[in-house]
1. Can you name the condition, by its number, that S80 falls short on among (1) surrounded by 12 or more Cβ atoms within 10 Å (Cβ to Cβ); (2) within 25 Å of L98 (Cα to Cα); (3) among the small types (G, A, S); (4) over 14 Å from the mean Cα position of the chain (by Cα)?
2. Considering (1) surrounded by 12 or more Cβ atoms within 10 Å (Cβ to Cβ); (2) of a type in the set (A, V, I, L, M); (3) closer than 21 Å to A5 by Cα; (4) at pLDDT below 95, say which one A58 fails and leave the rest.
3. When the stretch 61-77 is examined, which residues are found to be modelled with pLDDT of 85 or more and open to solvent by 40 Å² or more (accessible area, probe 1.4 Å)?
4. Please go through the stretch 7-22 and pick out each residue that is at pLDDT 90 or above and either more than 22 Å from A93 (Cβ to Cβ) or open to solvent by 30 Å² or more (accessible area, probe 1.4 Å) (or both).
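The values are calculated or read from the model by the stated rules, or taken from the named source; none is laboratory data. If you're wondering where the values come from, they're calculated on a predicted model, not measured in any experiment. When we count neighbours, we look across all protein chains shown, and the Cβ atoms used for this are built from the backbone with ideal geometry, even at glycine. Heavy atoms of the whole protein, side chains included, go into the accessibility calculation; ligands, DNA and RNA do not. Shrake-Rupley method; radii C 1.70, N 1.55, O 1.52, S 1.80 Å.
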Amino acid sequence: MRTPATLWLCTQPADMRRSYDGLAAMVRWHLGGNPLSGHGFVFINRRRTQLKCLYFDAGGYAIWSKRLERGRFSVRRAASSSAVSLSRTEFEALIEGLDVQVK
């Protein structure tokens, strides 16, 4: 599997019952993006206890997910856009439970 070109964090809470097609629809309609672009799209639920990352490569869609047993994913937004770009370092900090400030 290739590393996504860019990771995009959806700033709206996502329903974690969504799977491949539901998350791809969120990319199209809420983010205005193309889920087949090779970018990774990161979604967090309203309670900030679950995270899913949707990615597409030549073989098809892949989803990576993480559910916290304690604590919450901590993301502080500086912008009011529907999606923000995450660096690899910001993504790693996010999944490790560190406080992430996104622009």
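1. Here S80 meets the rest and fails (1).
2. So the condition that A58 fails would be (1).
3. Just the residues of the stretch 61-77 that are modelled with pLDDT of 85 or more, to begin with: 61-73.
Within the stretch 61-77, Y61, I63, W64, S65, K66, R67, E69, R70, G71, R72 meet the criteria.
4. Of the residues in the stretch 7-22, the ones at pLDDT 90 or above are 7-10, 13-22.
Passing the criteria: W8, P13, D15, R17, R18, S19, Y20, D21, G22.
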